[in-house]
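Notes follow the structure.
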Amino acid sequence: MTTLHPMVEQAQALIDFERYDQALELLGRHLAEDPGDIRAWVKIGYCHLNTKAPRLASEAADQALNLDPEDYGALMLRARAMVDDGGWLKVEPVLRQAIRVAPEESYPRAMLADAVWRASIVEHARATGAGTMSHADMDRVSGEAADLAMEALRLGPEDLYAHEVAHRIASAAGNRTVSDQLDEAILRIDPQHGEAVARQTKRAAEAPGVNAAQAADLYAGALAGQPDSSWMQQQLDRATYRLLRGTRWLALLCLVTPAAMINLFPSDDHPAPALPLPIGQRLWSMVIMAAIWGFGAWRRYRKLRSGVQLNVRSLIRRGRWARVVLAQSGWAMLCALLIAGPTWADLDGPRLLFWMGLVPIATTIWFDKNKAR
């Protein structure tokens with residue numbers, strides 16, 4: 001194990017606190033006295049990487065490799081600098097040299113799997129001219145990369161990056177079973193891994209039999225652990241909008257209730273009742289409507305987690321279509337109450353109100369379905 005110079009150790013402490021400028025200044029003073037310290041050059045390179053200067057990092061790697069062409073740290077710095085500078089298709093020789101120098105390390109093998117996979121996709125696209133690839137094509141070109149990823153997992157069973165690369169390859173090839181297993185492993189290593197949590201939540205929310213309320217609860221729970229996730233917030237908004245769309249079906253059911261009681265469309269077999277209806281019947285239809293909203297909306301709303309309830313109110317403020325949906329539900333309910341409440345002497349008025357409540361919803365209920373996707 002190489003002993004670090006005290007100034008290099010101090011610089012590493014500064015890097016750990018993201019004080020890269022101070023670390024660079026300290027390392028520069030040290031290298032002025034000892035330009036042959038490879039570790040100092042590598043630390044300088046990582047300072048440049050962390051400040052988004054991959055070309056300066058590559059120059060530092062060159063200085064270190066001039067001192068020792070087989071230094072593992074310098075080789076990995078060169079590889080990282082090449083990748084950050086957009087050189088995924090050129091990094092393979094450097095990574096293979098790093099693997100030869102340190103065959104027991106999992107990280108370079110995982111990085112090589114990533115590079116080989118990307119190069120295979122580009123080569124296939126150039127050879128076929130295809131803009132997209134099927135799962136079968138992806139599986140066919142990913143063979144070597146998949147083997148490298150599995151070897152990286154064998155060498156580093158706790159290497160998060162190796163799991164991420166293996167998952168990316170398996171998912172692109174359509175291997176759902178393997179990708180799900182890798183997601184479970186990723187979450188075991190890092191329970192707050194953003195992409196894995198998002199994928200797991202999406203699978204659970206889109207499983208057969210999961211309704212809008214359950215999906216909203218799942219996304220709200222995941223968002224609580226990742227409050228900065230814009231994707232998760234978008235999915236929660238979509239599930240919440242599906243909940244709000246459901247209120248229109250309740251309003252339509254309420255609209256049909258007094259219409260059926262008054263028999264707006266009589267036939268020979270089912271003649272219209274004598275009008276006006278007794279007050280007891282009219283009140284009973286209102287009781288039924290109250291029960292529909294109580295069990296279909298209010299009870300469900302109260303059972304939602306607080307995060308979903310807050311998002312319902314937030315989405316109503318933010319979303320134009322959410323307000324449209326509620327306005328349509330409210331209008332249909334007003335028409336239903338106007339049908340049930342007054343003492344109508346004929347069917348013309350209730351029939352007009354029925355169509356006035358039905359048509360606005362019927363004209364948009366299929367059109368705005370894609371808003372919930």
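On the beta carbon distance between I279 and W355, with R0 = 22 Å, the FRET formula returns roughly 0.30. The chain has equivalent-ellipsoid semi-axes of 66, 23, 16 Å, by the square roots of 5 times the alpha carbon gyration tensor eigenvalues, sorted largest first.
With n ≥ 4 as the cut-off for DSSP H runs, can you work out [θ] at 222 nm for the chain, using -39500 (n - 2.57) per run divided by the number of residues, rounded to the nearest 500? Write out the running numbers ahead of the final one.
On the way: 19 runs with 274 residues, N = 373.
Rounded to the nearest 500, the figure is -24000 deg cm²/dmol.
Computed from the C-beta positions of Q10 and V287, the FRET efficiency with R₀ = 45 Å rounds to 0.05.
The aspartates and glutamates whose alpha-carbon is closer than 20 Å to the alpha-carbon of K52, local same-chain residues fewer than 8 away aside, are D16, E18, D21, E25, D62, D84, D85.
The range 117-162 and the range 66-84 have Cα centres separated by 24 Å. For the pair the range 263-294 and the range 327-355, the centres of their Cα atoms are 11 angstrom apart. Taking the inverse of the mean reciprocal distance over all distinct Cα pairs, the Kirkwood hydrodynamic radius of the range 53-173 comes to 14.9 Å.
Working from Cα pairs under 8 Å separated by at least six residues, relative contact order for the chain is 10 percent.
Model label points for I189 and V324, set 7 angstrom from Cα along the Cα-to-Cβ axis, are 4.5 nm apart. When the convex hull of its Cα atoms is viewed from all sides, the range 203-256 shows a mean projected area of 4.0 nm². Using a cutoff of 8 angstrom between alpha carbon atoms and counting only pairs six or more residues apart, the relative contact order for the range 4-100 works out to 20 percent. What residue among G87, G280, G357 has the largest mean-square fluctuation in a Gaussian network model of the chain, using Cα springs under 10 Å? The residue with the greatest mean-square fluctuation here is G280. Placing a pseudo-label 7 Å from each Cα along the Cα-to-Cβ vector at D84 and S267 gives an inter-label distance of 7.6 nm. Legend: calculated FRET efficiency, L310 to T343, from the Cβ-Cβ distance at R0 = 45 Å, rounded to 0.05, equals 0.55.
Laboratory data are not the source of any read-out in this text; all were calculated from the coordinates shown. Bear in mind the structure is a predicted one, so any value in this text is a computation, not a measurement. Don't worry about glycine lacking a Cβ; one is built from the backbone with ideal geometry, like all the others, and counts go over all protein chains shown.
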